[in-house]
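The values are calculated or read from the model by the stated rules, or taken from the named source; none is laboratory data. In this text the structure is predicted, and so the values were computed from the model without any measurement. Don't worry about glycine lacking a Cβ; one is built from the backbone with ideal geometry, like all the others, and counts go over all protein chains shown.
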Amino acid sequence: MRRKLAAGNWKMNGLVDDLREIKALTDAHPDPDVDLLICAPATLIAQMAWARGTHALQIGGQTCHADRSGAHTGDISAPMLRDAGASHVIVGHSERRADHGETDADVAAQAAAAHGAGLVAVICIGETLDQREAGDALSVVTSQLTGSLPASATAANTVIAYEPVWAIGTGKVPTTDQIGEVHGTLRAVLRDLMKQASSVRVLYGGSVKASNAGEIFAVPDVDGALVGGASLTAADFSPIITALENA
């Protein structure tokens with residue numbers, strides 16, 4: 001049985017004062033029935049790891065370089081994230097792919113680096129609106145998953161997050177049938193790529209909020225969510241966690 005995961009991506013948001021949201025979140029869910037993860041900006045990872053205390057909340061980074069160290073000004077390596085207190089790292093988010101030109105090969109190298117440092121890689125994939133409207137959504141996510149999954153991937157060190165680019169931060173959400181079709185396809189592709197495919201968690205992301213979380217979590221093969229803006233406050237994220245616990 002795959003344990004559900006509620007993951008938050010704070011993106012380029014959050015100052016030290018915002019760590020009070022971590023206290024509020026852990027107080028609201030002292031013994032959660034699902035795994036909880038917040039992927040914080042690099043400046044907050046160490047302090048967030050301290051702020052959670054003994055709570056089971058896990059902390060992650062939002063990207064990492066494929067190299068362990070070197071002359072890469074402004075980048076952060078997987079061992080650095082681990083050293084700061086992270087257990088996970090997002091790789092291949094559509095904003096990184098679009099803003100920084102990251103390719104599937106780049107993402108696979110980053111995921112392999114994460115695995116080498118003992119981190120769980122949260123590999124993001126998803127189609128654009130043009131690709132969806134052209135009927136290419138399934139072929140796009142299949143290609144991205146195949147190209148972004150390194151040979152080092154296992155069910156223990158890898159999470160897949162399907163985030164249709166056109167749904168991120170827009171308020172638009174695919175139908176449950178569309179979500180189910182993609183997640184079912186991803187599960188089938190994973191079976192061709194990995195021995196442990198049935199144990200890999202596949203998350204949905206893209207305008208997840210309290211009002212639609214229950215419906216999304218009822219879709220087969222949706223093992224949780226990667227939540228953006230709604231993860232920034234405990235008041236918004238907590239009901240999503242509760243919906244996942246009740247799914």
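For Val173, all conditions in the list (1) out of contact with any Ser or Thr (no Cβ under 6 Å at 6 or more places or on another chain); (2) of a type in the set (A, V, I, L, M, F, W, C); (3) under 13 Å from Val222 (Cβ atoms) hold save one; what is the number of the exception?
Condition (1) is where Val173 drops out.
What are the residues in the range 29-85 that are of a type in the set (A, V, I, L, M), in a strand (DSSP E or B) and under 23 Å from Asp99 (Cα atoms), if any?
Here is the first cut: in the range 29-85, the residues of a type in the set (A, V, I, L, M) are 34, 36-38, 40, 42, 44-46, 48-49, 51, 56-57, 59, 66, 71, 76, 78, 80-81, 84.
Subsequent filtering for residues that are in a strand (DSSP E or B) retains 36-38, 59.
Passing the criteria: only Ile38.
If you check Gly135 against the conditions, is it assigned to a loop (DSSP other than H, G, I, E, B), of a type outside the set (S, T, N, Q), over 29 Å from Ala86 (Cβ atoms) and at pLDDT below 95?
no
Checking Ala71 against (1) aliphatic (A, V, I, L, M); (2) surrounded by 15 or more Cβ atoms within 10 Å (Cβ to Cβ); (3) closer than 19 Å to Ala113 by Cα; (4) over 12 Å from the mean Cα position of the chain (by Cα), which test does it fail?
Just one mismatch for Ala71, condition (2).
When Ile123 is evaluated against the numbered criteria (1) more than 13 Å from the chain's Cα centre (by Cα); (2) buried (at least 21 other Cβ atoms within 10 Å of the Cβ); (3) outside any helix (DSSP H, G or I), which criterion, by number, is the only one it fails?
Single failed check for Ile123: (1).
From Ala40, Ala24, Ala28, which residue is of a type in the set (Gly, Ala, Ser) and either out of contact with any helix residue (DSSP H, G or I) (no Cβ under 6 Å at 6 or more places or on another chain) or surrounded by 23 or more Cβ atoms within 10 Å (Cβ to Cβ) (or both)? If you could, list the steps in order and put the result at the bottom.
On the way: Ala24 fails: either out of contact with any helix residue (DSSP H, G or I) (no Cβ under 6 Å at 6 or more places or on another chain) or surrounded by 23 or more Cβ atoms within 10 Å (Cβ to Cβ) (or both); Ala28 fails: either out of contact with any helix residue (DSSP H, G or I) (no Cβ under 6 Å at 6 or more places or on another chain) or surrounded by 23 or more Cβ atoms within 10 Å (Cβ to Cβ) (or both).
Step by step, each of Ala40, Ala24, Ala28 is checked, and only Ala40 is of a type in the set (Gly, Ala, Ser) and either out of contact with any helix residue (DSSP H, G or I) (no Cβ under 6 Å at 6 or more places or on another chain) or surrounded by 23 or more Cβ atoms within 10 Å (Cβ to Cβ) (or both).
Residue pairs, Cβ under 8 Å, 6 or more apart or interchain, first in the range 52-64 and more than 14 Å from Asn9 (Cα to Cα) and surrounded by 24 or more Cβ atoms within 10 Å (Cβ to Cβ), second among the polar types (S, T, N, Q) and modelled with pLDDT of 95 or more. List them.
Cys64/Ser77; Cys64/Gln110
Mind checking which residues of the range 86-101 are among the aliphatic types (A, V, I, L, M), in contact with a strand residue (DSSP E or B) (Cβ under 9 Å, 6 or more places away or on another chain) and either part of a helix (DSSP H, G or I) or closer than 19 Å to Ser148 by Cβ (or both)? Let's see the steps before the verdict.
So the first thing to find is which residues in the range 86-101 are among the aliphatic types (A, V, I, L, M), and the list is 86, 89-91, 98.
Those still in the list that are in contact with a strand residue (DSSP E or B) (Cβ under 9 Å, 6 or more places away or on another chain) too: 86, 89-91.
Result: Val89, Ile90, Val91.
Got a number for residues in the range 1-21 being part of a loop (DSSP other than H, G, I, E, B), under 18 Å from Val89 (Cα atoms) and in contact with a helix residue (DSSP H, G or I) (Cβ under 7 Å, 6 or more places away or on another chain)? Reasoning before the result, please.
Here is the first cut: in the range 1-21, the residues part of a loop (DSSP other than H, G, I, E, B) are 1-4, 10-15.
Narrowing the set further to residues that are under 18 Å from Val89 (Cα atoms) leaves 4, 10-14.
Okay, now just the ones that are also in contact with a helix residue (DSSP H, G or I) (Cβ under 7 Å, 6 or more places away or on another chain), so 4, 10, 14.
Count: 3.
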